[in-house]
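The values are calculated or read from the model by the stated rules, or taken from the named source; none is laboratory data. Keep in mind it's a predicted model, so treat the numbers as computed, not measured. As a convention, Cβ positions derive from the backbone with ideal geometry for all residues, glycine included, and neighbour counts pool all protein chains shown.
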Amino acid sequence: MEPERNEVYERIPWETLDRGGGDRQWLVITVAGAVVVAALAFSFMRNQPVSTMQMEAVPTTAPLAPPPPEVTATTVSSPVVMAEADLYAVDTEALAHLAASHAEWFAVEYLSVDGSEQSRQTLASLLPSGVPLPEAPEGTQVFVDWAGVQNVTESVPLSYQVEVLVRSLLAQGDGGFTRQPVTRMQVTVQIGEDGLPRVASPPRIVQTTPAPQIQMALSPVPEPIRAQVESSHGPVVGGAQQIDGSWLVVAMVVGPDGVARPVTVAAKDH
């Protein structure tokens, strides 16, 4: 029979166990809170944009793209070539008027001959370079009575064909001036990039046949109308009655130069 053991149990203070358990509990809570704070901080940092300094600090092995090649601008030297947008922007009607007036001026200088050096220099500045000036016989003088544009046609952009009618007066030697037949010429005018008109070539002389005359049927005019027109204008040739009953009367009216010319006078029987 084994001898009886006398076991001695040391006293364990329960308040000590309670305090120890409390410290471990606070430790667990503290660690858990730190983990939560760290997780929130990591999540916040992931959502933030990367700063410029951070981007510069990150090394990269990607090769840099070469700079784009330089584009050299070219200028079109032709005076009649313009961009499509520029063609839409210009006032074509104004350009046509500009070409017409320049062609009319050129036609006057082209036919005029007064023997002066100034006139030759003016015509030389209007003709294309390299084109000779007109040559007139000694003692010849030509003065333009009138000039007028018949029509203007745009053949290509900024190039116009202008038809000009010119009446001139000719004097040779000691003789007086005589009126010449009407000259019909076609002048090519180009508008340059600077907006100025220029004659592109010597004019073409166009031979045309006058249109057939319009026949005006004149009827005898009633006596009251005749007396009314003759008292204020001159002898009555005849007239044409209108739909409203009025008359267009042709009378020979003497002008300030003493020449009697046929003139149309409107008259109504009162």
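Things worth noting here:
- If the condition is being among the charged types (D, E, K, R) and exposed (fewer than 10 other Cβ atoms within 10 Å of the Cβ), then region 207-260 contributes 223, 244, 257.
- Residue match in region 153-170 (condition: more than 15 Å from residue 112 (Cα to Cα), in the same structural domain as residue 112 (by TED's automatic domain parsing) and part of a loop (DSSP other than H, G, I, E, B)): yes
- Among residues that are farther than 22 Å from residue 126 by Cα, assigned to a loop (DSSP other than H, G, I, E, B) and in the same structural domain as residue 103 (by TED's automatic domain parsing), residue 176 is included.
- Some residue of region 190-205 being out of contact with any strand residue (DSSP E or B) (no Cβ under 6 Å at 6 or more places or on another chain), under 21 Å from residue 120 (Cβ atoms) and in a loop (DSSP other than H, G, I, E, B): yes
- Contacts under 8 angstrom Cβ, first residue in region 189-217 being free of Cβ contacts under 8 Å to residues at least 24 places away in the same chain, partner surrounded by 12 or more Cβ atoms within 10 Å (Cβ to Cβ) and of a type in the set (D, E, K, R), 6 or more apart: 205/184; 207/184
- Where a residue in region 221-232 is within 17 Å of residue 245 (Cα to Cα) and its partner, wherever it lies, is in a loop (DSSP other than H, G, I, E, B) and not aromatic (Phe, Trp, Tyr), with Cβ under 6 Å and at least six apart: 224/269; 225/269
- Just one of the listed residues (73, 89) is of a type outside the set (Asp, Glu) and modelled with pLDDT under 50, namely 73.
- Neighbours by Cβ (under 8 Å, 6+ apart or cross-chain): first from region 120-145, without any contact (Cβ under 8 Å) to a residue 12 or more places away in the chain; second outside any strand (DSSP E or B) and surrounded by 11 or more Cβ atoms within 10 Å (Cβ to Cβ): 124/133
- Condition met for residue 109 (in contact with a Lys or Arg (Cβ under 9 Å, 6 or more places away or on another chain), free of Cβ contacts under 8 Å to residues at least 60 places away in the same chain, of a type in the set (Asp, Glu) and under 20 Å from residue 191 (Cβ atoms)): no
- Residue that is farthest from residue 188 (Cα to Cα) [pool: residues in region 146-161 that are in contact with a Ser or Thr (Cβ under 8 Å, 6 or more places away or on another chain) and touching a residue at least 60 places away in the same chain (Cβ under 8 Å)]: 154
- Of all the listed residues (162, 166, 156), the sole one being under 24 Å from the mean Cα position of the chain (by Cα) and closer than 12 Å to residue 104 by Cα is 162.
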